[in-house]
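The values are calculated or read from the model by the stated rules, or taken from the named source; none is laboratory data. As the structure is a computational prediction, the values presented were derived from the model and not from experiment. A quick note on method: Cβ atoms are made from the backbone with ideal geometry, for glycine too, and the neighbour counts reach across all protein chains shown.
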Amino acid sequence: MKKILQIFVIFLGILLFFCGKVNAQDLIFEFRNPAFGGNTFNYQWMLSSADAQNTFEEEADMLEFETDPLADFTEDLNRQILNNLSRQLVADQFGEEGLQEGTYVLGDYRIEISSTAQGLSVLIVDLATGNQTSIIIPYF
């Protein structure tokens with residue numbers, strides 16, 4: 001057993017003698033993504049890589065330039081009328097004067113205002129499509 005140990009030590013000594021110089025370096029980890037503290041110069045490379053992999057195209061961007069200006073004007077006008085009416089409804093309901101009940105026709109919309117037990121009922125009917133929206137403004 002002692003002889004085997006001596007042979008092993010001699011073999012190890014010869015092996016270390018012929019190994020020569022061993023080089024090593026420190027392992028350093030750095031984030032690549034600038035969002036996590038990486039180098040800010042990587043941002044453009046990462047963005048271009050993400051854009052190259054992105055195959056999704058938004059349809060809204062394509063349809064934006066295909067709209068009719070007259071249809072846009074009509075839609076904007078209807079939106080402003082409904083906005084002003086909603087402001088007037090809220091101001092009249094919560095103001096000193098009461099809101100008059102009745103039916104109003106504004107463009108493609110019919111608006112019916114009536115008093116119920118729960119509060120002021122506003123029914124908005126789109127005459128073009130037949131869609132209805134019912135709003136109840138409660139009494140306080």
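How many residues does the range 58-109 hold that are under 31 Å from the mean Cα position of the chain (by Cα), assigned to a helix (DSSP H, G or I) and at pLDDT 75 or above?
Adding up the residues that qualify gives 19.
Starting from the range 21-34, take each residue that is within 19 Å of Trp45 (Cα to Cα) and list its partners that are β-branched (Val, Ile, Thr) and assigned to a loop (DSSP other than H, G, I, E, B), counting only C-beta distances under 9 angstrom and pairs at least six apart or across chains.
Going by the 9 Å Cβ cut-off, the qualifying pairs are Pro34/Thr40.
Using the structure shown, decide if Phe31 is surrounded by 10 or more Cβ atoms within 10 Å (Cβ to Cβ) and assigned to a loop (DSSP other than H, G, I, E, B). Reasoning before the result, please.
Details: surrounded by 10 or more Cβ atoms within 10 Å (Cβ to Cβ): yes; assigned to a loop (DSSP other than H, G, I, E, B): yes.
It is true that Phe31 is surrounded by 10 or more Cβ atoms within 10 Å (Cβ to Cβ) and assigned to a loop (DSSP other than H, G, I, E, B).
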